[in-house]
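Accompanying notes for the structure given below.
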Amino acid sequence: MSAMKNSILSMLSVVLLTQCSLFDDKLSLPLTPYHGEQLRMDGYYYQMYDGKFYFPCFFYKNGILITAGGLNNSLGEMDESIKRRFINSQSYKTDKTTWGIFLIEDNVIRLERLYLPSPISAYIWEGIILNDTTFHITKSYRSNGKEQRKENEIYHFREFSPKPDSTNVYIK
């Protein structure tokens with residue numbers, strides 16, 4: 001009986017040590033290099049809500065997406081927040097919910113990333129590119145096809161340099 005207890009405790013330890021990642025969703029969009037000109041790549045895109053600026057997203061030619069949350073009172077404040085989190089610190093590299101994939105086909109854009117709480121869930125936002133500095137997200141859904149919602153999120157472009165480094169251990 002004690003051998004069975006040890007075996008069960010060992011398996012439980014493995015699950016806890018992997019932080020239950022066995023139950024996390026995986027990203028479903030294919031990692032596809034971006035060669036288009038539908039969106040600018042020399043800065044970030046952000047949303048505005050109730051006079052505040054939030055949810056900056058960086059897109060990279062390798063198909064990687066970096067996102068950050070947080071409300072900011074001005075674009076300058078958002079720039080400073082980005083510099084603190086992404087340029088002056090490397091802590092974002094270990095947060096898998098920061099990373100995602102984007103895919104553009106004609107004028108349709110899809111963004112996919114992971115969200116907490118555990119188990120971590122993968123969501124896709126889908127919308128229309130209006131021009132090279134603006135896109136409109138119209139729906140979101142779990143990558144497994146569940147929980148579809150209508151959205152009305154407009155993203156605007158802001159030139160920004162230097163961009164954070166897009167190399168990571170989560171998306172290959």
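Shape class of segment 25-159 from the Cα gyration tensor (axes a ≥ b ≥ c, square roots of the eigenvalues): rounded, since a/c falls below 1.5.
For segment 97-137, the percent of C-alpha pairs falling in each 10 Å distance bin, counted from 0 to the bin holding the largest distance, reads 29, 45, 22, 4.
A Förster radius of 22 Å, combined with the Cβ-Cβ distance separating Ser166 from His35, puts the computed FRET efficiency at roughly 0.90. Each residue, Asp25 and Thr133, gets one label point 7 Å from its Cα in the Cβ direction; the gap between the two is 3.3 nm. In order along segment 49-59, the phi-based Karplus estimate (6.51 cos²θ - 1.76 cosθ + 1.60, θ = phi - 60°) of 3J(HN,Hα) comes to 8, 6, x, 10, 10, 7, 6, x, 10, 9, 10 Hz; Gly and Pro are listed as x.
Laboratory data are not the source of any read-out in this text; all were calculated from the coordinates shown. Keep in mind it's a predicted model, so treat the numbers as computed, not measured. Glycine gets a Cβ as well: all are built from the backbone with ideal geometry, and neighbour counts include every protein chain shown.
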